[in-house]
Amino acid sequence: MAAAGHYAHLLLLVGLGAALFYAVLREWVEPLPALIGAVALLLGKPTAHIAAGLMHGHYATGFVFAMLSILGWNRYLKGGRGYWLGLSTLAYLLATTCKEVYVPLVVLLPFLPVGTRQQRVRALIPFVLIALLYIGWRYLLLGRLVGGYSQGVFDASEALRQLLRVPKLLLGSKPPGNILAVVFLGLLCLAAVKRRLHAPVFFMSLGIVLLPLIPLTAFPGIHSPDRYLFVPWVAFSACLAVVWPRETRPVFALVGGAALVAALAGVHAQEKQALRPNLAYWDTLYRFALSLDKERQAIFVVPEFGGTDDGYKRSVLIRARNTADLFAPKPQPGDLHVVDEKGRGLEQVPLATLQLFEFRGGDMVPMPPERVAEKLPSLARGQPAQSVR
């Protein structure tokens, strides 16, 4: 239950992923653009979310394997030995077991400008077999091929609205993000005019980035630059490295690169500041759940941002306490009681007197009777859960 080691492991994975991303970019671009792309990856808002959340480690792990797969693919098609293809295939297999966002890599590989078309087609065979195996596996487990969440109804206009907001979510609307957006668009146009963009890779990447986001617009929705936008940010970082001017003098290149990194750092700082209250909230909630007196205290939770969590907080807090009790020398008997804004959990509250606590003002505080009546009107109407005070 001590999370420091896992956080250290997660940060190592993020750093390793950035180093491998740099190595992949170096297959096509010079050191400075590749370094800018790797730094952009690290300073992205989605990367901050992944590095800050224990439940996001599969994104970081899968990214490491995806970069190894691309690197092995390139080395093999440049005349390397067969073990490079074996490494690439194995890394792709492992990436698909981490997260489904890495499965479309099989579509991108044959468009990368390396080797001949015939070589790429032959080398792609094991990847196609793995992708087909994954599709069958996914259908067997989920009973569906598209989407993974069961709630929500797809709406085309709402999906379009959310997708159009992705650039703003990633870069924000403050000066650092605006500067970054203008510079990126300018570099992209310049690269297009000079025909330095590889059109097949560009448009295939665009499809790989956008299509998997469409089911998410129904549920849970794309409303923040969190883990769901990690792959779009990877694509942005790679594109930034590719469109970086090649003819610039070293001094101007270094100054421009430093200014760009400063803008990225500003965007990162804004997201870090925005994340801090949410991280503090969860830290306080978990600490209280793991230490409270289950015979005297209970927790009342509400969803953030005015939405709904569909019982998510109840589930994770109860299971976290159950897990902690497994390691306690003398665990307290009974269950942790968590009540949400819809009254779920009230029916499981024992007749013994319990004090409800809620998160307010940065701490867990007891709820006075009038506050309980306000948040849980069913208690005031004399419902069976009136034993909670």
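Based on the convex hull around the alpha carbon atoms, the chain presents an average projected area of 23.2 nm².
Taking amide H positions as placed 1.01 Å from N in the peptide plane, with prolines and chain starts having none, which residues 5 or more places from Gln355, or on another chain, fall under 5 Å of its amide H? Correct list: Gln297, Ala298.
Of the cross-linked pairs Lys99/Lys375; Lys99/Lys272; Lys78/Lys168; Lys99/Lys330, those separated by over 28 Å at the C-alpha level are Lys99/Lys375; Lys78/Lys168; Lys99/Lys330. The amide H of Gly53, built 1.01 Å from its N in the peptide plane, has no neighbour under 5 Å, considering only residues 5 or more places off or on other chains. The orientation-averaged projected area of the convex hull spanned by the Cα atoms of segment 1-157 comes to 12.1 nm². A Cβ-based charge dipole, computed about the Cα centre of segment 4-276 with Lys and Arg at +1 and Asp and Glu at -1, lands at about 460 debye. Residue-wise HN-Hα couplings along segment 166-178, as the Karplus relation 6.51 cos²θ - 1.76 cosθ + 1.60 with θ = phi - 60° gives them from phi, are 4, x, 5, 5, 6, 9, x, 10, 8, x, x, x, 5 Hz; Gly and Pro carry x. Val101 sits among other residues whose Cβ lies under 14 Å from its own Cβ, and their net charge, with Lys and Arg +1 and Asp and Glu -1, is +1. In the neighborhood of Tyr228, defined by Cβ-to-Cβ distances under 13 Å, what is the net charge if each Lys or Arg adds +1 and each Asp or Glu adds -1? For residues surrounding Tyr228, the net value is +2. Backbone geometry of segment 272-285 corresponds, through the Karplus equation with coefficients 6.51, -1.76 and 1.60 at θ = phi - 60°, to 3J(HN,Hα) couplings of 4, 5, 5, 6, 3, x, 5, 5, 5, 4, 5, 4, 5, 5 Hz, x marking Gly and Pro. If R0 equals 25 Å, the separation of the Cβ atoms of Val251 and Leu16 corresponds to a calculated FRET efficiency of about 0.20. Taking amide H as placed 1.01 Å from N in the peptide plane, Val301 has its amide H under 5 Å from the amide H of Val339, Asp340, Glu341, each at least 5 places away in sequence or on another chain.
Scalar couplings 3J(HN,Hα) for segment 311-323, obtained by applying the Karplus form with A = 6.51, B = -1.76, C = 1.60 to θ = phi - 60°, are x, 4, 4, 4, 5, 6, 5, 5, 6, 5, 5, 4, 5 Hz; x denotes Gly and Pro. Net charge near Pro33, counting Lys/Arg +1 and Asp/Glu -1 over other residues with Cβ under 15 Å of its Cβ? Charge balance near Pro33 sits at +2. Within segment 209-261, the percentage of alpha carbon pairs spaced more than 16 angstrom apart rounds to 55%. The label point for Asp293 and the one for Leu326, both projected 7 Å from the Cα toward the Cβ, are 2.8 nm apart.
The stretch between Leu190 and Ser315, if pulled fully straight at 0.36 nm per residue, gains 39.9 nm over its current Cα-Cα span.
Laboratory data are not the source of any read-out in this text; all were calculated from the coordinates shown. Computed from a predicted model, the values in this text were never measured in an experiment. Here the Cβ is made from the backbone with ideal geometry for all residues, glycine too, and neighbour counts use every protein chain on show.
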